[in-house]
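Working notes for the structure below.
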Amino acid sequence: MRSRREDAMRFATLDDWLRWQETLHPKAIDLNLDRVRTVLRRLRPDPCAYPVITVGGTNGKGSCVAMLDAILRAAGYRVGAYTSPHLLRYNERIQVNGVAANDVSLCRAFACIDAARGDLSLTYFEFGTLAALELFDEAGVDVAVLEVGLGGRLDAVNIVDADAALVVSIGIDHTDWLGTDRDSIGYEKAGIYRHERSAICADPDPPHRLIEHARTIGARLIQVNHDYAYSRVGNRWRWCSGPLQFNDLPLPALQGEHQIGNAAAVLATLNSVRDCLPVTAEAIHTGLMQVQLPGRFQIIPGPVEWILDVAHNPPAAAVLAAQLRSRPCFGRTHAIVGLLADKDAQGVIEALAGVVDEWRPISLAGARGRTGAELAVLLGSAGIQAVAAHDDIASACQAAVQVACAGDRIVVLGSFHTVAPILATQPWLTPCPLPQSRET
């Protein structure tokens, strides 16, 4: 028998629900917790019945959520993970024990939220956050790991009081909403901290206002190089906090030296909640070796190597540049780049200028999109001549494949909207003539 809510369901398919959510609220981004907090109280007046770990920061959030999820699952916990944005399917945003929510469950959760909101409008992200909490409660998770979408203080996930809150890094991004300097941005990100609860900061140079806010509210501040430390030892690494030490840890399965710092922050976070979420050294080893996260220096080997990375701001581009330098390429590096209009494209270009031989800027559609021609102008102002500007990712990939030689690599970077189509179409599987070497 169908329930009353199912009978009253506004839409029958997930795609219809999502299209409607994109138009429901007058602003796509509206940093105000009043509406979403009111709807949460109508849905679930009691606090979460499980511990919550919230992860914020300019870069590194997704990696830390993935490692937390992998380690906690290896420890035997039933883990709910909420992330954004998605790469291929919206369902990826809400996972329980590594399994994405299905369409039926999401539609059911959206219908409950729709019924509870009354005449309040919600944003696309607010609907998703509430749906995650609904599905986590329904699944009986042991712990939830929530990724901040934008900022922290006024982000929808901040309607939940986290038992531990991790700020991974503070860089200049989303300046229209968070401020134009690290101090202002740090304050916004510190908004996920709570009184007498663990407040971890993995940025080695934290802004003053982040530290000041944590101390003012009486959070238990835990800082890298003060309260915990880590170092690499060959192909292993060590971590310590007071008397607790791990001396023979495997490198994270995620690529890049910076992932050791992210993993260290994850261990500090887990250590801070060990009373309610104890994990063994074995679970830490297993989680670090098994963690996966598509689109973060994701390497597809072949005669021409493909590297996919959602680096879309200058700090992330600087990390990508360092990773490319540390991975020798005997041929040329072709970059296909697409960035949204509200991103610091000039900073991204400058960070990568020394490691890219040929640039192919592409256009991204939508209200926030930026054209390939506009990116080409920015490249020119940096003294770089784009090979060509492309209207879409498909034409850029086709052109890059046609000129690439054995030993070259094609780096696809920028927005999630740039990388996602590559994962969907997998152009490296398309047969094409491939010269064995480049003529000199």
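Bear in mind that the values in this text are calculations on the coordinates, not laboratory data. Note that the structure is a prediction, hence the values are computed from the model and not measured. Every residue, glycine among them, receives a Cβ derived from its backbone with ideal geometry; neighbour counts consider all protein chains shown.
Numbers at a glance
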{"read-out": "Peptides 112-120, 379-387, 356-364 ordered by average Cβ neighbours within 10 Å, highest first", "value": "356-364, 112-120, 379-387"}
{"read-out": "Stokes-Einstein D for segment 284-397, Kirkwood Rh over Cα pairs, 37 °C, 0.692 mPa s (µm²/s)", "value": "220 µm²/s"}
{"read-out": "Centroid-to-centroid separation of segment 285-352 and segment 127-177 [C-alpha atoms, Å]", "value": "25 Å"}
{"read-out": "The chain - share of DSSP beta bridges that are antiparallel (%, nearest 5)", "value": "35 percent"}
{"read-out": "Label-to-label distance, nm, for residues given as R42 and E22 (7 Å Cα→Cβ offset)", "value": "2.5 nm"}
{"read-out": "Cα-based radius of gyration of segment 357-406 once divided by 2.2 N^0.38 Å, which approximates compact folds", "value": "1.17"}
{"read-out": "Compactness of segment 197-256, expressed as Rg and Dmax over alpha-carbon positions, Å", "value": "14.0, 40"}
{"read-out": "Highest average packing first - 99-110, 319-330, Cβ atoms within 10 Å", "value": "99-110, 319-330"}
{"read-out": "Tail beyond 20 Å, pair distance distribution of segment 105-170 (Cα, percent)", "value": "33 percent"}
{"read-out": "Projected-area mean, segment 230-283, by convex hull of Cα positions, square nanometres", "value": "3.8 nm²"}
{"read-out": "Sorted largest first, extent of segment 164-319 alpha carbons per principal axis (Å)", "value": "55, 42, 24"}
{"read-out": "Highest average packing first - 79-87, 393-401, Cβ atoms within 10 Å", "value": "79-87, 393-401"}
{"read-out": "For segment 182-198, 3J(HN,Hα) per residue [Karplus equation, 6.51 cos²θ - 1.76 cosθ + 1.60, θ = phi - 60°, Hz, x = Gly/Pro]", "value": "4, 5, 5, 5, x, 5, 4, 6, 5, x, 7, 6, 9, 4, 6, 10, 5"}
{"read-out": "Segment 246-318: equivalent-ellipsoid semi-axes (sqrt of 5 x gyration tensor eigenvalues, Cα, Å)", "value": "28, 15, 10"}
{"read-out": "Cα gyration tensor category, rounded, prolate or oblate, for segment 1-123 with a/c compared to 1.5", "value": "prolate"}
{"read-out": "Alpha-carbon radius of gyration plus Dmax, which is the widest Cα pair, for the chain in Å", "value": "22.2, 73"}
{"read-out": "Over segment 34-80: Rg over Rh, Cα atoms, Kirkwood Rh", "value": "1.08"}
